[in-house]
Amino acid sequence: MNAAQMVTALKEKFGEAVLSTVEFRGEHTLNVTLATARPILKYCRDEMAFDYLMDISSLDHLGEEPRFEMVYELYGYGHLQSLRIKAKIPDGEDVPTVSDIWPTANWHEREIWDMMGIKFSGHPDLRRILMWEGYPYFPLRKDFPLAGKPSEMPDVAFTGVAPMADGPFVTSAGAPDTVAREPRAKHVE
C-alpha cells in the first residue's frame, strides 16, 4: 500500500475527523481534528506500520484562530512511506501526548512546550529542555520580540568579545551573489 492509498484508507476509517488532505510533490498530509489526532496517530503506528516518528513540530499562526498547529511526521521502515498529520489547537487546549506511542516524542514535546508554550496532557515529564526552569516566556512564538526580553540572569555569556568577532571566518555582505557572501576562511598574507 502506498501513501496515497493509506490516506484514502484513513479517510474511510475516520470519516469527518479527517478535515482535508493535501498531496504536494509526492508528500501526503492529513489535516485532522485535535480530538482525533491521537487515535489516528495510534492507528497509523499499530495498523499501518508507521513505526518511526521522524519529528513533531508546531506552528504559530499569530492573528488567526486557532493560533497554533501541531505537525507530526511519520515514516514506516517496512513500506518506506511517509505521512504528515496536522491538527490545529484551539486556544487554551492541551495536546494529548504521543510519548507512550513513540518514546522519541518525549523530547519533541518537551521542546515544543519550552519554545512555544503548548502543553501536552499525559506527558510523563513535561519540563523545560532548553530554557531554564522559571523562564516566563516562550521564545519561538511570533509575538516574542526579536531582541529578546529582559531577565534576571547575569550576563555571564556576554562579558567579553563574541567568539566569532574577528574570528577565522569572514563574509562579504555587499557581494553580488550568495556564493561570494558565504562565510569563508580569511586569507592570511
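The values are calculated or read from the model by the stated rules, or taken from the named source; none is laboratory data. In this text the structure is predicted, and so the values were computed from the model without any measurement. Backbone-built Cβ (ideal geometry, glycine too); neighbour counts: all protein chains shown.
For the range 90-110, filtered to residues that are surrounded by fewer than 21 Cβ atoms within 10 Å (Cβ to Cβ) and β-branched (Val, Ile, Thr), the residue that is nearest to ASP60 (Cα to Cα) is THR97.
The residues in the range 28-83 that are in contact with a strand residue (DSSP E or B) (Cβ under 8 Å, 6 or more places away or on another chain) and acidic (Asp, Glu) can be counted, and the count is 5. Restricting attention to the range 63-87, the residues that are in contact with a His (Cβ under 9 Å, 6 or more places away or on another chain), more than 16 Å from GLY117 (Cβ to Cβ) and among the basic types (Lys, Arg) total 1. Scanning the range 55-79 for residues that are in contact with a helix residue (DSSP H, G or I) (Cβ under 7 Å, 6 or more places away or on another chain) and of a type in the set (Asp, Glu) yields ASP55, ASP60. Taken over the range 74-83, the residue count meeting the criterion of being crowded, with 19+ Cβ neighbours inside 10 Å and either small (Gly, Ala, Ser) or under 14 Å from the mean Cα position of the chain (by Cα) (or both) is 2. Among the residues making up the range 98-144, those that are assigned to a loop (DSSP other than H, G, I, E, B) and in contact with a Leu (Cβ under 8 Å, 6 or more places away or on another chain) are VAL98, ILE101, TRP102, THR104, LYS119, ARG141, LYS142, ASP143. Across the range 86-109, the number of residues qualifying as within 12 Å of the chain's Cα centre (by Cα) and touching a residue at least 40 places away in the same chain (Cβ under 8 Å) comes to 4. Scan the range 39-73 for residues that are surrounded by fewer than 21 Cβ atoms within 10 Å (Cβ to Cβ) and either assigned to a strand (DSSP E or B) or not hydrophobic (A, V, I, L, M, F, W, C) (or both) and the total you get is 22. The set of residues in the range 1-27 being β-branched (Val, Ile, Thr) and either in contact (Cβ under 8 Å) with a residue 12 or more places away in the chain or touching a helix residue (DSSP H, G or I) at 6+ places or on another chain (Cβ under 9 Å) (or both) consists of VAL7, VAL18, THR21. Scan the range 117-125 and give yes if some residue there is aliphatic (A, V, I, L, M), surrounded by 15 or more Cβ atoms within 10 Å (Cβ to Cβ) and modelled with pLDDT under 95, otherwise no. No: the range 117-125 contains no residue that is aliphatic (A, V, I, L, M), surrounded by 15 or more Cβ atoms within 10 Å (Cβ to Cβ) and modelled with pLDDT under 95. With respect to LEU59, determine if the residue is in contact with a Cys (Cβ under 7 Å, 6 or more places away or on another chain) and either over 16 Å from CYS44 (Cβ atoms) or not acidic (Asp, Glu) (or both). It is false that LEU59 is in contact with a Cys (Cβ under 7 Å, 6 or more places away or on another chain) and either over 16 Å from CYS44 (Cβ atoms) or not acidic (Asp, Glu) (or both).
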